[in-house]
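Undergrad: Below you'll find the structure I mean.
Nothing in this text is a laboratory measurement; each read-out follows from the coordinates by a stated rule. Quick caveat: nothing in here was measured; it's all calculated off a predicted structure. Counting neighbours? That spans all protein chains shown, and the Cβs are built from the backbone with ideal geometry, glycine included.
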Amino acid sequence: MEIALQVRLRQRPSHREHNDCNNHNMTIAINGRFTQQPLTGVQRYAREISARLADRLRLVTPPGKSQGWRGHFWEQFSLPWALKGDLVWSPGNSGPLSYRRQVVTIHDCAVFDRPEGFAPRFAQWYRWMLPQLARRVRRVVTVSEFSRQRILTHCQVPDERVVAIPNGVDSRFHRVAISQQDQAREKFSLSGRYILCVGSLEPRKNLGRLLTAWSSVPHLHSEWNLVLVGGNDHVYRGVGLDAPLSGVKMLGRVDDEWLPAIYSAAEMFVYPSLYEGFGLTVLEAMACGTPVICSSTTSLPEVAGEAAMLVDPENSVALASAIDKLATDDSLRELLRQRGLARSQQFSWDVAAEKTWNVLQAAANE
C-alpha cells in the first residue's frame, strides 16, 4: 500500500492554526523513520494517520536506506538536530531519547509481556529504552485501553500522560463482489469453503494451537480448508509436526491488494493470538463481512466487542469446539457477519487522526 507522504507546509497559517501551535507558531514534525521500514501493523498505522495530517505536519525522513542500526543512529543522533526545537511525533514505538518535546506512540508492551517472541538483544534494548522514552516525552499515545494499562505498569508514567486512541480500518476492506472473490480463489487455488487466519509465524500468533484444533475436527476436512496467510511450512516444524495436516493451505505473504477478496470469500476468520496491542486483522475481517472467532485475552475483547466468538487462546479444545459450532451453524455465522459489519464501522482512521492531532496540539502548547 503506497500512501503519498510528501508534506508541504502552508506558507501562511490561518490565525486559528497560528494560535493552536503556541505563540512561537511551532510547527509539529513527524519522525519519518517508518517510511523506510517494511509494512507491518505499526507502519500501516503511521502511514494512515500521517497521510490524513499531511498538510499539518512536517515530515522528517532519514537519508537513503537507513534501516536497522542506521535507522536507530539517525533517530537518536541526527533527527534531534533536524527538528529545530519543533514538537515531534514518533509513531513507531521508538524516538530520540534526548528530545523531550515529543509525543511517542507505543503500540504494545509485548517486549515485556511476551519477550520470547523477539531476538534477545532487541528485547533487551526495548525493555530499557521504552520506559526511559515514555517518562521523558510530553505524551504517550497507544492504541487500546489494554495497552494503556500495560504501559502504565511497565513504564511508570503518570496516568494523565498516556492516551488510548483506537486504530481505524481502511475503507478498501469491505465485502467485495463475487467476481473479485472468484479471481482471488483462482489466483491462490482456493476451492470450496475455507476458514482463514492472517498472521505471522511469531509464537504469540499461536498457530500451533490453531493447527491442533483443526486436526481435532476431521469431519470438516472433506468440505472445508484452513487457509493461513503469512504462514508457511516452517509452522509445522515450529509446533513439532513432521508433516502437513490435511486441508491446510499456506499462502505465505500476500499482497495487500488481494486481502479484501480473500477475507470476503472466507466462511470465517479465526485469530487465536496470545497477545495483541490492538488486533487490526479482526476488524479487517469484520469489515469484509466475515464472521470472527478470536481470543478472549489482551486487547481483542475491546476491539471485537459482542461481534465475535471469544475463546481462551490457550485451550485448543475450546478453539476446536468454536470452529465446529460456527462451521455448522448458518444462523450464527449470519448473526456474527451482521454484528461484525456494524462493529467495524465504529473504528475510523479519520477519527483516530483527529484525536491524535488534538494530543499533538495539547503537547505543543505545554
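Undergrad: Would you grab the residues whose amide H sits under 5 Å from the one on Trp89? Only those 5+ places off in sequence or on another chain, please, with H modelled 1.01 Å from N.
TA: Ala29, Ile30, Asn31, Val103
Undergrad: Tell me whether the range 245-341 comes out rounded, prolate or oblate; compute the Cα gyration tensor, take square roots of the eigenvalues as a ≥ b ≥ c, and use a/c under 1.5 as the rounded threshold.
TA: rounded
Undergrad: Report the trypsin sites (Lys or Arg not before Pro) located in the range 27-126 that are in a DSSP loop and have at most 16 other Cβ atoms inside 10 Å of their Cβ, or state none.
TA: When the trypsin sites (Lys or Arg not before Pro) of the range 27-126 are filtered for loop state and at most 16 Cβ neighbours within 10 Å, Lys65, Lys84, Arg100 remain.
Undergrad: Related question: R0 = 35 Å: FRET efficiency of Leu97 with His174, Cβ-based, nearest 0.05? Could the numbers behind the result be given before it?
TA: Working: r = 41 Å, r/R0 = 1.18.
That gives a FRET efficiency of 0.25.
Undergrad: Report the extension gain between Ala342 and Ala119 in nm, rounded to one decimal, defined as 0.36 nm multiplied by the number of residues separating them, less their alpha carbon distance.
TA: Once the chain is fully extended between Ala342 and Ala119, it gains 76.4 nm.
Undergrad: Mean residue ellipticity at 222 nm from the helices of the chain, using -39,500 (n - 2.57) per DSSP H segment of n ≥ 4 over the full residue count, to the nearest 500 deg cm²/dmol?
TA: Roughly -11500 deg cm²/dmol at 222 nm, from the helical runs in the chain.
Undergrad: I've got another one for you. Label Glu366 and Lys65 with points 7 Å out from Cα along Cα→Cβ: what is the distance between them in nm?
TA: So the two model labels end up 3.8 nm from each other.
Undergrad: What is the calculated FRET efficiency for Met250 to Gln156, with r their C-beta to C-beta distance and R₀ = 51 Å, to the nearest 0.05?
TA: After rounding, the FRET efficiency stands at 0.75.
Undergrad: Along the Cα-to-C-beta direction of Asp55, a point sits 7 Å from the Cα; which residues of the range 312-351 have their amide N less than 20 Å from that point?
TA: Of the residues in the range 312-351, 349-351 have backbone N under 20 Å from the label point off Asp55.
Undergrad: Enumerate the calculated ³J(HN,Hα) couplings along the range 287-293 in order (Karplus 6.51 cos²θ - 1.76 cosθ + 1.60, θ = phi - 60°), each rounded to whole Hz, writing x wherever the residue is Gly or Pro.
TA: The phi angles translate into 5, 8, x, 9, x, 10, 10 Hz.
Undergrad: Here is a follow-up. Under a Cβ-Cβ cut-off of 14 Å, what is the net charge of the residues other than Gly71 that fall near it, where Lys and Arg count +1 and Asp and Glu count -1?
TA: Its environment carries a net charge of +2.
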